[in-house]
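Written out below as structure tokens is the structure these notes cover.
The values are calculated or read from the model by the stated rules, or taken from the named source; none is laboratory data. The structure displayed is predicted, hence computed values, not measured ones. Note that we place each Cβ from the backbone using ideal geometry, even for glycine, and neighbour counts take in every protein chain shown.
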Amino acid sequence: MDLMEKQLALRGVCLEDIARIVLELQISYYPDLTLATCLDAVRKVLKKRDVQYTILTGIALDMLAEQGLLPEPLQTIIYTDESLYGLDEVLAYGITNIYGSIGITSFGYLDKIKPGIIKELDDNKINKVNTFLDDMVAGIAAAACAKIAHAQTEKLVSNDYHKSEG
């Protein structure tokens with residue numbers, strides 16, 4: 001288990017939870033898609049340095065808020081997940097953008113419907129403060145969806161290219 005997987009697991013998130021969300025979002029576009037492929041995409045997203053820094057930062061802020069260690073009014077804003085705060089989503093955008101703007105669309109959808117583990121985190125059923133974590137998980141799922149979409153498009157383009165040569 002690598003550092004990012006450990007950090008997420010310590011906060012109650014396993015990579016399979018994220019992969020299931022990816023599969024749910026992408027299966028109608030790619031009927032042959034498997035959970036294993038989605039899990040592989042999630043792991044590849046987590047290997048990106050920018051994603052790692054984002055996760056470490058967001059988790060640290062959530063943990064500091066749980067411990068009451070942030071200065072006011074930031075402590076109350078993050079502890080209560082103030083709806084107008086918005087920086088939790090902005091931080092997650094750094095994850096969604098790694099595979100292009102398509103990730104933003106998926107992130108917006110996930111942030112609205114909050115499937116699976118995202119809803120559990122948002123409802124604080126796992127930890128006391130998940131202000132950043134629920135959005136980062138949505139960002140990871142959105143980026144993995146974008147990675148899968150890019151890979152499928154590359155296959156189509158490559159197949160069309162080879163057909164035109166023949």
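For residue 161, indicate whether it is at pLDDT 95 or above and aromatic (Phe, Trp, Tyr). Explain how you work it out, then say what you get.
Numbers: at pLDDT 95 or above: no; aromatic (Phe, Trp, Tyr): yes.
No, not satisfied.
Among the candidates 55, 95, which residue alone is over 14 Å from residue 146 (Cβ atoms), modelled with pLDDT of 95 or more, out of contact with any Phe, Trp or Tyr (no Cβ under 6 Å at 6 or more places or on another chain) and not acidic (Asp, Glu)?
Unique residue meeting the criteria: 55.
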